[in-house]
Amino acid sequence: MLLVCFMVIILVPLWNVIISSLSSGKALAEGGFIFWSKEFSLENYRAVFNDSTIGQSFVVSVAKTFLGVITHVFFCAMIGYGLSKRYIRGRKLYVAMGVITMFFSGGMIPTYLLIKSLGLLNSFWVYIIPALFSYYDVVILMNFFRNVPDSLEESAKIDGAGDWHIFLKIFIPLSMPAMATIALFNGVGQWNDFMTTKLYITDQALYPLQMKLYEIIVQSQTQSMQNIGGSVVIETTTKGVQLATIVITTLPIVAMYPILQRYFISGMMLGAVKE
Amino acid sequence: MNKTSASATSASIPPAFPPSAKKPMGQRIKKFVTDYKRQWEIQSMVLPGIIFMIIFCYIPIYGLSIAFKNYTVIDTLSTAPWVGLDNFRIILSDEYFWDAVINTLGISFLKLGIGFIIPIILAIMIYELNMGRFKKIVQTISYLPHFLSWIVLGGMLITWFSTSGLFNELLLNLGLISKPSNILLDAGKYWWIATLSDIWKEAGWGTILYLAIMAKIDPTYYEAARIDGAGRLRQIWNITLPNMKAIISLNLILTVSGLLGSNLDQTLVLMNSQNREKAEVINSYVYRMGMTQGDFSYATAVGLGVSIVSVILLLMANKVTSKLNDNQSVL
């Protein structure tokens, strides 16, 4: 069956990475295994955990993902709530402005110049602030808020509640599924994001895991290309560290995978209906 | 910024003509102000978004003007001298740029040619599966690679393709090669590596939408076809595919409009000094010219050119696919 073939093509390479990361440097240097390692060893992971900069990167990754997701979802929900009210003055203009941002952007260099002039280079906030808003997510939330019955809002208004109160106390609790979907989408994006660091950050202390891994990869690439005589040991250690870092970088995503999958599919549908 | 917000205010006021039908200007401004006062709470929710869009989306669009300027580190956006189309003229005679264009198009067309059809075939195969449990497992596994970042996948690819890695090992065992070699250092194979790794990563994910659309097809169609004696392939050809026409067209439009925007993450992690001539794509060229060589004006001009061509491609693809969908645009 072709589908079984397809699954083998996906699973075997992934499995190979995991068992390779659990192999000793000697076995890695010799190579020659596909399904089962010759020499089991945790030395790669020991090396990774002894490197304090990787621990720091992990903290940066977690912090930016966590903070980024919360602020992003709240910001988009706030705007989506405002725009979901048809009576709001200037709605047509706001929506037009938003739609334009979906198709046109200034591109890499003008955005870089803006970030630079805002003083966000080499600042942790560059992970959070530019990622606050996405019109696509606003549209999804806006449509979700519309499905909440009007009578809820009306009765709250009669009781004297303001828009902010209604939004925070009624709409946010009711919209948890939609917000969770967007949070997960955004969270994976934040966790996997690498270009923001590559473009705007040079301070090693602010490197997330992805950037750290990139550095290790580039380093080992140049090493293996220069092919310095007798440095096989160094090369395989970097390879081992690289593999262990790959596994550690991916682990949180894989751990979340069962939850992710369910929400992602509904999220794809929410988005697709708009298009 | 001031300019944009000023136009924002004026645009929400209805035009002054025809004056007879509308209240006089003064009254309208008054109503406008009272409306905003009454709605201040809800407006205060939208306002941060508007400010954000003006700063982070519209200022960079305005910043595209440096493509027509000679911007150096000592200048600011307003003091840099205008040079008209000079930057674009230099681009056209730049052979590195044309290399990047050829690579971008080569990789994109390979991705389009192979990568576009595979998810459709996969989706049909999954849809035709009768075992519920097995279906779930297949789906779960096929989505998995989508969640790996390109950096992670790049790291994996480098390991798989290295001399002692998985790929060489497989080929050796199968007797297809006699001596292992590092495939990523072979420039001639780069296009295929870029294409196939992208397909490996995204093919399963691409099936989600198709499967969702298929789930909505009325099962009585299939029953009727079976009674008429249609085989499985016939059913797929005459029922499943026509029902997915709209979504396939939509995907095609989006893919075609993104033809020139090859994946930057992928290129940055897989490119090395040996395969550069075949690996450099327009995006990575913009990155290199702008960010590492500091030629902001030139890099912006390249980026702007690419966006314009992409919009043209989008419109063309929309026109072609709307012909296929009974003259209805799917966008």
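Observations on the structure shown:
- Hydrodynamic radius of the range B:140-225 per Kirkwood, over alpha carbon pairs, in Å: 15.6
- Between B:Leu85 and B:Thr34, the FRET efficiency estimated from the beta carbon spacing at R0 = 60 angstrom works out to 0.75.
- Solvent-accessible area per residue in the protein assembly as shown equals 49 Å², computed with a 1.4 angstrom probe and all protein chains kept.
- Across the cross-link table entries B:Lys216/B:Lys319; A:Lys212/B:Lys201; A:Lys85/A:Lys198; B:Lys201/B:Lys278; B:Lys37/B:Lys69, which are compared at the Cα atoms, the separations over 32 Å belong to A:Lys85/A:Lys198; B:Lys37/B:Lys69.
- The separation of the range B:78-125 from the range B:130-190, counted between C-alpha centres, amounts to 26 Å.
- Shielding by other protein chains, A:199-210, mean Cβ within 10 Å: 1
- Surface composition of the protein assembly as shown: carbon plus sulfur atoms contribute 67% of the solvent-accessible area (1.4 Å probe, protein chains only, all chains present).
- The slack in the chain from A:Leu152 to A:Val218, taken as 0.36 nm per residue of separation less the alpha-carbon distance, amounts to 18.1 nm.
- Share of Cα-Cα pairs in the range B:53-173 lying beyond 25 Å, as whole percent: 62
- Values of log10 I(q)/I(0) for chain A across q = 0.06, 0.13, 0.15 Å⁻¹ run -0.28, -1.01, -1.19, by the Debye formula with one identical scatterer at each alpha carbon and no solvent.
- At R0 = 30 Å, FRET efficiency that the Cβ-Cβ distance of A:Met195 and B:Thr140 yields, to 0.05: 0.60
- All-pairs alpha carbon distance profile, chain B, 20 Å steps from 0, percent: 21, 43, 30, 6, 0
- Point-to-point label distance, A:Lys169-B:Lys179, nm (Cα→Cβ direction, 7 Å offset): 7.9
- Percentage, to the nearest whole number, of Cα pairs in the range B:253-331 over 15 Å apart: 63
- In this assembly, the A-B interface accounts for approximately 7900 Å² of buried accessible surface in total, computed with a 1.4 Å probe and without ligands, DNA or RNA.
- For residues of B:137-144, the mean tally of beta carbons on other chains within 10 Å: 5
- Computed from Cα positions, the angle between helix B:132-143 and the longest principal axis of chain B comes to roughly 60 degrees.
- Gained length - A:Tyr257 relative to A:Thr71, 0.36 nm times residue gap less alpha-carbon distance: 64.7 nm
- The range B:225-255 residues near the modelled B:Glu128 label - backbone nitrogen below 15 Å, point 7 Å along Cα→Cβ: B:226, B:230-242
- Equivalent ellipsoid dimensions for the protein assembly as shown as semi-axes, Å, which come from the Cα gyration tensor, largest first: 43, 32, 26
- Of the DSSP H helices in chain A, those whose Cα atoms cover at least 24 Å axially and whose Kyte score averages -0.5 or more: A:2-21, A:52-84, A:209-226, A:232-274
- Placing a label point 7 Å from the Cα of B:Leu105 along the Cα-to-Cβ direction, the residues of the range B:252-266 whose backbone N falls under 12 Å of that point are B:260.
- Euclidean distance between Cα centres, the range A:103-133 to the range B:244-279, Å: 24
- Average beta carbon contacts from partner chains per residue of B:169-175, 10 Å cutoff: 2
- Cα-based reach from A:Lys157 at 20 Å (exclusive), listing aspartates and glutamates while leaving out same-chain residues under 8 positions away: B:Asp35, B:Glu41
- Annotation for B:Ala246 and A:Phe104: the two label points, set 7 Å from Cα along the Cα-Cβ direction, are 2.9 nm apart.
The values are calculated or read from the model by the stated rules, or taken from the named source; none is laboratory data. Nothing here was measured: the structure is a model prediction, and the numbers come from that model. Don't worry about glycine lacking a Cβ; one is built from the backbone with ideal geometry, like all the others, and counts go over all protein chains shown. Just so you know, the surface numbers come from the protein's heavy atoms only, side chains and all, with ligands and any DNA or RNA stripped out. Shrake-Rupley method; radii C 1.70, N 1.55, O 1.52, S 1.80 Å.
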